[in-house]
Amino acid sequence: MGWPLPSATAAGSRVDLAHVGELCRLVLLARRTGCRVAIESVPGELQELVALTGVGDVLSAGQYDVGRDDA
C-alpha cells in the first residue's frame with residue numbers, strides 16, 4: 001500500500017526543502033512505529049535536494065528506499 005507525498009507530486013509545484021523535511025518526518029515516524037518507507041517515482045529535484053542536504057545517508061540507514069523516476 002502506498003500514498004503519494006501530495007505537495008511533491010502536484011502539477012506545477014516546485015520541490016523545496018520543505019519536501020525534504022516532510023520526508024524526514026515520515027521516515028522518523030515509520031521507524032518509531034517499526035515500519036519501513038519505500039519511495040518510488042521520486043522527482044530528480046527531490047533526489048538532488050536530499051543529496052545536497054546530506055540526509056540521504058541518514059535516510060538510507062536500512063529503512064528508506066528511493067525509486068528513480070524513469071518517466
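Structure notes:
- Evaluating 6.51 cos²θ - 1.76 cosθ + 1.60 at θ = phi - 60° for every residue in the stretch 47-54, the Karplus couplings come out as 4, 5, 5, 4, 5, 4, 6, x Hz, glycine and proline recorded as x.
- Linear extension gain, Val58 paired with Leu17, 0.36 nm per residue minus alpha-carbon span: 13.2 nm
Throughout, read-outs are computed from the coordinates displayed, never taken from laboratory work. Remember, it's a predicted structure, so these values are computed and weren't measured experimentally.
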